[in-house]
Structure formats: C-alpha cells, structure tokens
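Asker: Following this message is one structure expressed as structure tokens.
FYI, it's all coordinate maths here, none of it is from the lab. All of these numbers come straight from a predicted model, not from anything done at the bench. Using ideal geometry, Cβ is built from the backbone for each residue, glycine included, and neighbour counts are taken over all protein chains shown.
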C-alpha cells in the first residue's frame with residue numbers, strides 16, 4: 001500500500017448476504033426449509049420474511065463481535081499510552097489488535113516512520129511488549145486466555 005492510501009475494512013454484512021444467497025441459511029435456530037426454485041424460472045419472486053431477516057442480522061452481529069473481539073482485553077502502553085486490544089494465546093504467542101489511533105500514537109512506530117522505515121515490517125513495539133508482560137504480572141491479562149475460541153462450535 002502506498003503512502004496516502006487507506007485500507008478499508010470489508011463490508012461484513014454485504015459478504016454475509018451474498019453467502020446466504022449462494023448457500024442458503026444453515027439455521028442455528030430453525031430447521032432448513034426447502035428452497036423455492038420457481039423464482040429462478042421467473043414465474044414467482046420470493047419475498048423475504050422480515051422476522052427471519054431480523055434474526056439473521058442479529059446472529060450476524062453476534063458472530064462478528066465474537067470473531068473480532070473474543071478474549072481481547074485493552075492494554076495501555078506504559079510509555080506512550082497507546083491503547084491496544086490483546087489476547088495471550090500461550091507462551092510467546094500474543095494477539096495484538098492495533099487501532100489507527102494507537103499506531104499513530106506509538107512512540108516506537110513514530111521513530112520507525114521518521115527514520116524512513118515501514119511499521120508494517122516491524123515485529124512489535126518493545127515498549128508495548130513490556131507493558132503486556134507487566135499486565136500479565138499484575139493479573140490484568142491472563143497468561144493464556146480462557147476465552148472460548150471464536151471459531152464455529
């Protein structure tokens with residue numbers, strides 16, 4: 001990505017709708033209904049059920065929250081106060097979710113940018129790593145997250 005370009009997040013709702021159109025509903029709460037293939041022949045147009053659409057939107061939002069945030073805890077860098085979301089997956093394995101604000105605020109990343117480097121190629125901020133270790137030592141963050149996996153099941 002060149003300087004000045006912004007990366008936009010995928011439209012999760014649009015993706016979910018297109019997958020439903022392609023594969024149909026695999027209902028968590030309702031048994032599958034037989035598909036009406038007459039709409040394909042042009043003789044009849046299917047009318048969506050508003051209750052089912054509302055239930056689908058709600059389930060999609062729950063799934064989105066679970067996939068994006070399951071087990072993540074806020075941790076502030078003790079040096080520059082950038083706030084990130086963190087989940088310890090095991091010894092030596094830490095998931096860190098950076099916001100745009102935190103990446104701009106991070107003193108280490110600022111040094112990398114000012115020296116002409118690319119922060120995307122930096123493994124991590126050593127000051128934030130110290131802050132994460134401190135959060136674990138203080139009991140603010142679990143050594144290994146006990147949050148359920150965000151996967152299906």
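Asker: Modelling each spin label as a point 7 Å along the Cα-to-Cβ direction, I'd like the residue 105/residue 58 distance in nm, to one decimal.
Answerer: Modelled inter-label distance: 3.5 nm.
Asker: Using 0.36 nm per residue, how much length does the chain from residue 120 to residue 146 gain when fully extended, once their Cα-Cα distance is taken away?
Answerer: 6.5 nm
Asker: Note the full-extension length gain between residue 67 and residue 20 as 0.36 nm times their separation in residues minus their Cα-Cα distance, in nm to one decimal.
Answerer: Stretched fully, the residue 67-residue 20 segment lengthens by 15.1 nm.
Asker: Let me ask something additional. Could you work out how far apart the two model spin labels at residue 46 and residue 12 are, taking each label as a point 7 Å from the Cα in the direction of the beta carbon, and quote it in nm?
Answerer: 2.4
Asker: Considering Cα pairs under 8 angstrom that are at least six residues apart, work out the relative contact order of the stretch 52-153 and quote it in whole percent.
Answerer: Computed over the stretch 52-153, the figure is 31 percent.
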